Amino acid sequence: MAKTWVVVADSSKARILMAEKPGMGLSEIDSLEHPEGRLHEQELTSDLPGKAFDSGGEGRHAMGASVDPKKHEAIKFSKRVVDYLEAGRNAGSFTKLYLIASPAFLGQLREHLSSPLQHIVQGSIDKNLVAQDEKAIRALLPEYL
């Protein structure tokens, strides 16, 4: 029997929903939390950036972070979500996958999907629907998953 998983996510939470049969409603089977995704940038950084000397002269300047701390947290969480999906795929828990996520986070998820996971993605929606109930989410998906 073909089971379909629907992942509804943003940078701080991912809900894993499942449709047992085509045309059926969705039920939440798991959720992943990433509280760091809700923190402000100043809460993620511990102190001021370091200082560096100019290559020629005696001047010093602040060194910036190579990656925005909020983006770094989103990348970490997207990898965790994809690892979860990969484990489910390897266990045969689902054969079809739909991704629903805020636009930036959807891009992060797609970037980390393995080739086998990419092949079973049936569709995606770039909206943040994490707070929506299963019925509202189901209404946005094809009638027969």
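Throughout, read-outs are computed from the coordinates displayed, never taken from laboratory work. Since the model is a prediction, treat every value here as computed from it, not as a measurement. We place every Cβ from the backbone using ideal geometry, glycine too, and count neighbours over all the protein chains shown.
Please list, in chain and number order, the residues 5+ apart from VAL6 or on another chain whose amide H is under 5 Å from its amide H, with Hs placed from the backbone.
Under 5 Å from the amide H of VAL6: LEU17, MET18, ALA19, TYR98.
Here is the link list: LYS71/LYS135; LYS21/LYS127; LYS13/LYS135; LYS70/LYS135. Which ones come out longer than 29 Å on Cα distance?
The pairs that break the limit, which is 29 Å between Cα atoms, are LYS71/LYS135; LYS70/LYS135.
Can you run phi through the Karplus equation (6.51, -1.76, 1.60; θ = phi - 60°) for segment 110-118 and list ³J(HN,Hα) in whole Hz, with x for Gly and Pro?
Taking θ as phi minus 60°, the curve returns 4, 4, 9, 5, 6, 4, x, 5, 4 Hz for segment 110-118.
Please give the peptides 75-87, 22-34, 98-110 ranked by average Cβ packing (other Cβ atoms within 10 Å per residue), highest first, as a rough proxy for protection.
Packing order, densest peptide first, comes out as 98-110, 75-87, 22-34.
Using modelled amide H (1.01 Å from N, peptide plane; none on Pro or chain starts), what sits under 5 Å from the amide H of LEU145, excluding residues fewer than 5 places away?
Amide H neighbours of LEU145: GLY23, MET24.
Below 8 Å, C-alpha to C-alpha, sequence gap of six or more: please give me the relative contact order for segment 75-135 in percent.
41 percent
What is the distance in Å between the Cα centres of segment 10-37 and segment 73-128?
The two parts, judged by their Cα centres, are 11 Å apart.
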